[in-house]
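First comes the structure, then the notes that go with it.
The values are calculated or read from the model by the stated rules, or taken from the named source; none is laboratory data. Bear in mind the structure is a predicted one, so any value in this text is a computation, not a measurement. Glycine also receives a Cβ, built like all others from the backbone with ideal geometry; neighbour counts cover every protein chain displayed.
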Amino acid sequence: MHHSIRPGDVLAGRYRLVDLLSESGSGRFWRAHDRILERHVALHVIGADDPRAPGLLAAARRSAAVLDPHILRVLDAEEVDGLCYVVNEWGAGTSLDIMLGAGGVLPPRRAAWLVAEVGAATTVAHAAGVPHGRLNPENVLVDLHGSIRVIGWSVDAALHGVPHGRVEDDVADLAGLLYAALTGRWAGASGSAVPPAPREHGRVLRPRQVRAGIPRQLDTLCDEVLDLTGRGRGLRAPESARGLAAALEDFVGDPTGIPESLVERLVSRGTGPVRFSAVPELGLRPADEPEPEAEPEPEPDVEPTRVIRAGDPALDAPTVAASIDTPTTAEPDDAADPDGTDTPAGGTPAGTDAPASVDLPTEAGLPSFGTSEDRTHRPTPGPPPPPLEDPEPRPLFAPDPPEGAPARRSRPGAHTSSGQGDYWPWDTGTGTGGPGSMTHTGSGVLGSDPPPEDEEVPGRNTFRLAALLLAGVLLAVAVAVAFNVGRGRTPLGSVPDDEASSGSSSSSSPSSTPQPLRGLSAADFDPQADPPEENPDLAPNAVDGDPSTSWRTNTYDQNFGPGGLKTGLGLVVDLGSPAEVRAVELELVGEGSQVQLYVTEEPPTGIADLEPVADVSAGSQERIELDEAVAGSYLTVWFTSLPDVGDGFRGEVSEIRVLG
């Protein structure tokens, strides 16, 4: 590039260069400020003599004709003063490659929704005849509101020497974006800084081989578009961005809440550089004596959110710089510091080792609004009162007297008697004693002799323990008797004679009414497919007792039979244990299903050597009564014909009930 440009220069008399975001070869990517419209813009600049210059201007003109809210628009393109530049709308957010590198892969529904949004924008651009050319993770941006924006439409490809992109490459890149969002690896047609997808025997592995838990529908979509297995594109593989976006929208369903969840994955949200606005000069009180310089404190730990800086290796891609929020730039203050130290424009004294800029706001350099006198009048709060001690638990029984103490004590105020052990049972209040020499107090309280000092009450604790054990035994016996009587048994738990005789006679003759079997489980059965499975994750819905859930087949262009893709498929119901099957109730979606029933002792591997116990043309509600009970452990429900659903043939089972 013949002309040297740097921050602060004004390009074409309008765009003031602010930050150099990336530089590759002779091309530079800037964040600039439009002085006419007072907004930030993205600016790609190369030399006018660069071989890519004509293609860059042509790509900018093509991209400007595409109007879609997902695409960051081209605002201007010109060749002036030996420079060729393209001005794009500025986007703030996080690009997909940074999001995957910082937080890991996306959940399947979020990944499908993100790629569906990119596919919708690609559909609009392809209708205008303008492919992107480099639809990689670096050019997909999640903005601050969770919306999806696409960077560098047709322009980024021109900067990388691809003057004309291809629609087929865009469709492959869309599948590559889905692959990357699910696995964190890149398998698209364009180049990317995201690590490449793993390979085995020269072929890229399917998403489910890289990471467990990926839905089969998304795995199949990536396989059919990218032809990962080498079997050729599937019959239903999307041929356009519209078809791929429609398939992903059908998988996502209601997207409510997905944009908000992507906002939580933004990298360095709200951690961009902060600049304080200029403050008026204040008269500072001169210090009595210079204070010693404070030693630099260790750098504080930043919050877990990752801060993206210009030197971060993750920002090597030119478009990733849009993931940093737009900072506010403040003009440097020309006034010198109060102490006379020369200060550069950045505000750091000359001769120090402090960095030119910091990513976290500090209070350094702000004027002091308070004085030491203000702080002297603030009383220091005292320590909190000690916590109250928990009260001691009250004993359930009176404590035993200490060694040598009497077992019983006389009441306060009682007088001892000088006589023998006789006493008068009431107090007359006249001072006359009763028989013997018993004394009285005249207040209704009779005196008594205190027990001897060596008096003891032997066996008190033993008696209490024995009483508790006896009460426990009686309670257990009462509970056992009540339980046995409640079950219709005798108090000792035996069966009454009349019930035993009636029970033996009733057990000898089985019930004539079939009863539903419990504890069923179901698995899909498609032995003619490769792999031999048909929506296995939906199979348990057929026996869960909830008709609102169902298992369904894929949609086939041609019905089963001699001219069809296969002769049939179905479900294998595990009865849990050997049982006699008398009837089967089916709840189906649609009319016109042809159903065969098989009862076997082992899970079947095919139906060629089996004899059906029933063959019916079933409606939406069907009860199939067997001629006689058939014993077995597995019931196979085999469909030889599927209902017509308009765009093909598809079967759906809401519920299967087995009666025995």
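Structural remarks
- Complete set of residues in the stretch 513-542 that are among the polar types (S, T, N, Q) and either outside the structural domain of Leu626 (by TED's automatic domain parsing) or over 13 Å from Asn554 (Cβ atoms) (or both): Thr513, Gln515, Ser521, Asn541
- Residues in the stretch 601-619 that are small (Gly, Ala, Ser) and surrounded by 15 or more Cβ atoms within 10 Å (Cβ to Cβ) were compared, and the one that is farthest from Val653 (Cα to Cα) is Ala614.
- Selection count where residues are hydrophobic (A, V, I, L, M, F, W, C) and farther than 22 Å from Thr567 by Cβ, scope the stretch 612-654: 4
- So Gly191, is it over 13 Å from Leu96 (Cα atoms) and surrounded by 24 or more Cβ atoms within 10 Å (Cβ to Cβ): no
- Selection within the stretch 583-595 - part of a loop (DSSP other than H, G, I, E, B) and either outside the structural domain of Trp638 (by TED's automatic domain parsing) or not hydrophobic (A, V, I, L, M, F, W, C) (or both): Gly590, Glu591, Gly592
- Pick from the stretch 1-37, criterion in contact with a helix residue (DSSP H, G or I) (Cβ under 9 Å, 6 or more places away or on another chain) and modelled with pLDDT under 85, ranking: farthest from Trp90 (Cα to Cα): Ser24
- Any hit, the stretch 552-564, residues being part of a loop (DSSP other than H, G, I, E, B), free of Cβ contacts under 8 Å to residues at least 40 places away in the same chain and surrounded by 13 or more Cβ atoms within 10 Å (Cβ to Cβ): yes
- The single condition among (1) crowded, with 16+ Cβ neighbours inside 10 Å; (2) in the same structural domain as Leu642 (by TED's automatic domain parsing); (3) in contact (Cβ under 8 Å) with a residue 60 or more places away in the chain that Tyr598 does not satisfy is (3).
- If you go through the stretch 210-248 and pick out every residue that is assigned to a helix (DSSP H, G or I), more than 23 Å from Pro532 (Cα to Cα) and modelled with pLDDT under 90, you end up with 0.
- When Leu21, Leu11, Leu83 are checked against the criterion of being within 26 Å of Val140 (Cα to Cα) and of a type outside the set (Val, Ile, Thr), Leu21 stands alone in meeting it.
- Verdict on Leu159 being assigned by TED's automatic domain parsing to the domain that holds Gly27 and within 16 Å of Gly55 (Cα to Cα): no
- Test: residue in the stretch 164-175 that is touching a strand residue (DSSP E or B) at 6+ places or on another chain (Cβ under 8 Å), buried (at least 23 other Cβ atoms within 10 Å of the Cβ) and not aromatic (Phe, Trp, Tyr): no
- Any pair with Cβ under 6 angstrom, 6 or more apart, that starts in the stretch 1-25 at a residue that is crowded, with 16+ Cβ neighbours inside 10 Å and ends at one that is modelled with pLDDT under 90 and part of a strand (DSSP E or B): Leu21/Phe29; Ser22/Phe29
- At least 1 residues being closer than 15 Å to Trp186 by Cβ and of a type outside the set (A, V, I, L, M, F, W, C) is the threshold, and among the strands (runs of 3 or more DSSP E) wholly inside the stretch 71-142 those reaching it are 93-95.
- Residue within the stretch 82-93 that is within 23 Å of the chain's Cα centre (by Cα), of a type outside the set (D, E, K, R) and at pLDDT below 95 present: yes
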